[in-house]
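Every read-out reported here was derived from the displayed coordinates using simple, explicitly stated rules and does not represent laboratory data. These numbers come from a predicted model, not from an experiment. Glycine gets a Cβ as well: all are built from the backbone with ideal geometry, and neighbour counts include every protein chain shown.
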Amino acid sequence: MKILLINPNNLLEKILGSGKIFASPDMPMGLFYIASYLQKFGYHVVFRDSYLHNDDYDVIVKKIKDEDPKIIGISCLTANGKFVFELGQIIKRKFTEKLLVLGNLHASIFSNFYLNNKAADVIVHGEGEIAFKEICDSFREGQSFSFKDIKGISYIDEENKIINNEQRKYIKNLDLLPFPYPDNINLNDYPRMKDIKLPYIKIISSRGCVNNCTFCAVHNNRNYRMRSINNVIEEIEYTKKKFNINFVSFEDALFTASKKRIIELCSKIIEKKLNIEWGCEGHINFIDEELMKIMRKAGCIGISYGIESGNQDILNSINKKTRLDDIKKKVLMSKYYFKKISGLFILGLPNETKQTIEQTIKLSLELPFTTAQFSLFTPYPGSQLYYDFIQNGVIAVDENKPEELINSWERYSSYAIFAKDAPHPIYVPENLTLNDLKKLQKKALRKFYFRLSYMLKNRPVYLDLLSFKDFPNLVKSILKLLK
């Protein structure tokens, strides 16, 4: 039985305008895992990355006609929620005999909405590998099928009623999953900064997170589980042999959560002489100089820190559990061990003022970051603040008004400064105006990247990301920052 998995296009062109050049297509690891898991059990899986190829609805419809799959699976996040909604309705009108399955966080949160509006047949909640395989098993050609015993899904039954099955538990032993490299993928399709050696891979060595930051949607999966060190090493060795990879990006939500585990992993990389370079996301509270030393010895050249704010009261309010003194100490220490240090900042968090954002900008300039992101705070569906805002009337969500709801998803944007007609962000703090936020975001980017000292010392990140065809949009983006 043939299955078509689709990584959908999104609304970044409208939301980001010329700034879309800074949002390179990323490897859809969730779909890669599902595809590999299905192939393990003999299913014929075709994968289409519509974001990578910038597919419109007509291209995807043609792909479905050409491949003629029995089941279509689509990943759905807020950035592509509207696209998936409209695509799902088209698929259900044109291909009534095919089963349409949606997964990922946004589809899960709005499962009733997608099902009620005939934009899906089945929604998978949580981790999708086992549930999707059980759906395929039930829908085999020539067999009657029933979804009533499949945990972790919602679906429309024979009486046109929505059925929400029992919740599925998280996968305990992640080592049982095959490595996420389905047939016929080309890793070189997914660009990185030009000074990162290609090809590269993304490895997820753990799932979940031990923290509970109120702005982050990962809090839905706080059940933290780790793959064994041997399993991670085997994946690195496998990809070196199969793809000749040179760089690994560890994509764990909190890679350094267990110091003992990371020391063991680094020791194995050194012992086996894997000779790779790699990067990860760390956390100020879960790293020290001993860990930095062995990470660097094992090939780590880059680390990202979610700093968020330069104001302690703001950090406390989002349950970040970091101290400004520790942030300064650990980032300054990092410069002796890592070639690249990225600072991730959020502007416009609840209770922000111009003064607190100025403190964040000041902190970014005081510390030795090689790159920095200054995102506008967005209460993404799934985060604690999203639910708080709904309860307090800050955000209105009415599933009885489909057009209004799907259009509101365009407003979940962390950058509102590059697109001329970008939708009004879904949230602006009461102490600030949208114009204030735009000016402060521009100021942060301009002050960080256009410092003479920075430009002399660091190769500007925007040049690393670009090909010749991106040059016009680069010029437009720079001009917007300089206004």
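What is the extension gain from Asn407 to Asp56, computed as 0.36 nm multiplied by their sequence separation minus the C-alpha to C-alpha distance, in nm to one decimal? Intermediate results must be reported in sequence, preceding the final value.
Values: separation 351, 0.36 × 351 = 126.36 nm, distance 1.78 nm.
That works out to 124.6 nm of additional length.
Between Phe83, Gly42, Pro8, the Cα set farthest toward the positive side of the dipole of the stretch 2-164 (charges on each charged residue's Cβ, about the Cα centre) is that of Phe83.
How much length would be gained if the chain were fully extended between Lys457 and Ile163, taking 0.36 nm per residue of separation minus their Cα-Cα distance, in nm to one decimal? If you can, show how the numbers build up before the last one.
Details: separation 294, 0.36 × 294 = 105.84 nm, distance 5.84 nm.
Result: 100.0 nm gained on full extension.
Around the amide H of His44, modelled in the peptide plane, lie the amide H atoms of Ile3, all under 5 Å away and 5 or more residues distant in sequence or on another chain.
The candidate values were [x] 39.1, 130; [y] 26.0, 79; [z] 22.6, 68; the one computed from these coordinates for Rg and Dmax of the Cα atoms in Å carries the label [z].
Label sites at Gln391 and Gln355, each approximated as a point 7 angstrom past Cα along Cα to Cβ, lie 3.0 nm apart. Dipole size of the chain about its Cα centre, with +1 on Lys/Arg Cβ and -1 on Asp/Glu Cβ: approximately 1840 debye, rounded to the nearest 20.
Within the stretch 92-130, which residues have the backbone N less than 14 Å from the label spot 7 Å out from Arg225 along Cα→beta-carbon, could you tell me? In the stretch 92-130, the label zone of Arg225 (backbone N under 14 Å from the point 7 Å along Cα→Cβ) covers 126-130. Compute the helix-to-body angle for 57-67: its Cα long axis versus the longest principal axis of the chain, expressed 0 to 90° and rounded to tens. The angle comes out at about 50 degrees. With one equal scatterer per alpha carbon and no solvent term, the Debye-computed log10 I(q)/I(0) for the stretch 221-329 at 0.15, 0.16, 0.20, 0.23 1/Å reads -0.69, -0.77, -1.08, -1.32. If you bin all the Cα-Cα distances of the stretch 2-164 at 10 Å, starting from zero, the percentages per bin are 10, 42, 37, 9, 1, 0.
Placing dummy labels 7 Å off each Cα toward the beta-carbon, the span from Asp149 to Lys335 is 6.2 nm.
Give the shape of the stretch 117-157 as rounded, prolate or oblate, defined through the alpha-carbon gyration tensor: a ≥ b ≥ c are the square roots of its eigenvalues, a/c under 1.5 means rounded, and otherwise the shape is prolate if a/b is larger than b/c and oblate if not.
Oblate, because a/c is 1.5 or more while a/b does not exceed b/c.
Helix 471-482 versus the longest principal axis of the chain: what is the Cα-based angle in degrees, 0 to 90, to the nearest 10? Helix 471-482 sits at roughly 50 degrees to that axis.
Using a Förster distance of 22 angstrom, determine the FRET efficiency expected from the C-beta separation of Thr433 and Ser375, and round it to 0.05.
Numbers: r = 18 Å, r/R0 = 0.82.
It comes out at approximately 0.75.
By the beta-carbon count within 10 Å of each Cβ, the least crowded to most crowded order of Arg296, Arg225, fewest first, is Arg225, Arg296. As a proxy for reagent exposure, Ile34, Ile294 were ordered by neighbouring Cβ count within 10 angstrom, fewest first; the result is Ile294, Ile34. Roughly how tilted is helix 259-271, in degrees to the nearest 10 and between 0 and 90, from the longest Cα axis of the chain? Taking Cα atoms only, the helix is inclined about 90 degrees. Spin-label pair Asn186-Glu67: with each label point 7 Å from Cα along the Cα-Cβ axis, the two points sit 1.7 nm from one another.
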